[in-house]
Structure formats: C-alpha cells, structure tokens
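Everything on this sheet refers to the single structure shown next.
Here, each number is a calculation from the coordinates, and none is a lab measurement. The structure displayed is predicted, hence computed values, not measured ones. Glycine also receives a Cβ, built like all others from the backbone with ideal geometry; neighbour counts cover every protein chain displayed.
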C-alpha cells in the first residue's frame, strides 16, 4: 500500500505534514511548528504519531515537539549538527543516513545555508522531498547562518533529484516568490504558467504545495543561477553561479 501524505497549515504560514505507512500504521510528522494542528490532523485520520522528523532548529519548526512527544511517546529525529540545541531529540541524522518510519525509508541530505544544521528528508519510494526552509516553490530560504556558496550547493543537491519528485516545503510563500522571480525572468514561459496557477490556487484558498521538482527546475530562478540568461538579467554575465545566486538572494531580501 502506498504511503499517505497529509498537508495542513500551522502558525501563520507554516505547512505541517504527516506521512503515514498503512502497512505498519507508523506516522511521522515532518517538523512540528505547533502541536494542536498536528493532533487535529492525526485525530481526523485516526492515526497515531510514532515519529517526528526535524529539519532544523528554528522555533517555528520545533515549537510543538515537546507536547507531541509527551502525548504520544514518539521518537524524535533531529539534525546531526549539534551546534544548535534541539530538545527531546532521540536520534541524530546526517548526510546519507536512512531514517525509518515503519516500512518507509527517508534518506537524509544535509542542506545547510538557511541554518547550519538544516537537513532535508527524501522518501525515494514515495518520490517525496521534504525540504523545509532550504527550497520553497519558486524560492529558497533566507541565508541566516551559512553563506551563499553553501546554500547554492544545498540547492544543487535538491535539484539533482528526479523531476517527478514532489516538493513539500516549510511555508506558503509562493505568491511572493513568483512576484520576485518575474522581476528577474519576465519572459520565462514556465514561470508565467506557474504564476497563473498560483494566482488561481490562492484565490480558491488552496495551497500551492506540493509542486513537481521538474517544474521548479524550469521556473524557480534560485535553481537557475547557473543559467547564462539569469546572470545576464542581473548584469553578471560570466559570473560564478554561487555569486549570481547570492545576488538573487540579496535582491529578494530587499523586495
């Protein structure tokens, strides 16, 4: 039986996610921005939380961990990097490690930049990428603790995944990301198509997530920093891709 994934909103613009293995009844929450929406989603589905997979230490991703662990006695997986202390972690995971959720396998990619400890979870069997605040639809996270080359390398790791993988990210930022991306690539037909989809989805109060990685590769300007046309639009012809990425992120910070 195929895994089941449920998406719901937390806080103001965070996404909460549950991934459930019907064969073993195991259920993981990807991050835990706050406990109440996670509990509500679990009760709606009749599932019991067995695991929490944490991507990074920011409060809007771990705020509900303690309450959920106390209520369900679930195991908590956190990043291997211990420079940022995360309470209630039972298991540390780093690059190449495999985390089990019942019969489901999640491969860990270290994706630092937004924070130094950031990891992403890749469920190859389910073709699902949980990238939290490293990669957003038509965007990427702010670089708070790392540097631009570090973040660019993390994005390259995610971009290398197959086109038919679905991206599940940490926040509903797509509309704002589209607006910025169009300022850089106004003639990108794939981006314009995505912009129309996003406008329609938001008008219907529907999430813009998940999205296919293949579509992101064509429309997300932050994944296209090594495209000569993107460098040219920034008047950075011939510049290193990490430098182009850095300029994009600087401009987005100010937009």
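Residue under question is residue 194, and the condition is that it be within 30 Å of residue 19 (Cβ to Cβ) and in a loop (DSSP other than H, G, I, E, B); does it hold? Here the answer is no, as residue 194 does not meet what is asked. Yes or no: residue 206 free of Cβ contacts under 8 Å to residues at least 24 places away in the same chain and within 29 Å of residue 59 (Cβ to Cβ)? Against the criterion (free of Cβ contacts under 8 Å to residues at least 24 places away in the same chain and within 29 Å of residue 59 (Cβ to Cβ)), residue 206 qualifies. Candidates in segment 130-153 are the residues that are in contact with a strand residue (DSSP E or B) (Cβ under 8 Å, 6 or more places away or on another chain) and not in a strand (DSSP E or B); of these, the one that is farthest from residue 82 (Cα to Cα) is 137. Remark: residue 10 falls outside the filter, which requires a residue to be within 20 Å of residue 119 (Cβ to Cβ), surrounded by 21 or more Cβ atoms within 10 Å (Cβ to Cβ) and over 21 Å from the mean Cα position of the chain (by Cα). Out of segment 61-79, which residues are part of a helix (DSSP H, G or I) and surrounded by fewer than 17 Cβ atoms within 10 Å (Cβ to Cβ)? If the condition is that a residue be part of a helix (DSSP H, G or I) and surrounded by fewer than 17 Cβ atoms within 10 Å (Cβ to Cβ), then 66, 67, 70, 71 are the ones that fit. For the residues 48, 24, 55, the requirement of being touching a residue at least 60 places away in the same chain (Cβ under 8 Å), more than 26 Å from residue 116 (Cβ to Cβ) and either over 17 Å from the mean Cα position of the chain (by Cα) or outside any helix (DSSP H, G or I) (or both) singles out 24. The numbered conditions (1) crowded, with 16+ Cβ neighbours inside 10 Å; (2) out of contact with any helix residue (DSSP H, G or I) (no Cβ under 6 Å at 6 or more places or on another chain) are all true for residue 185 except (2).
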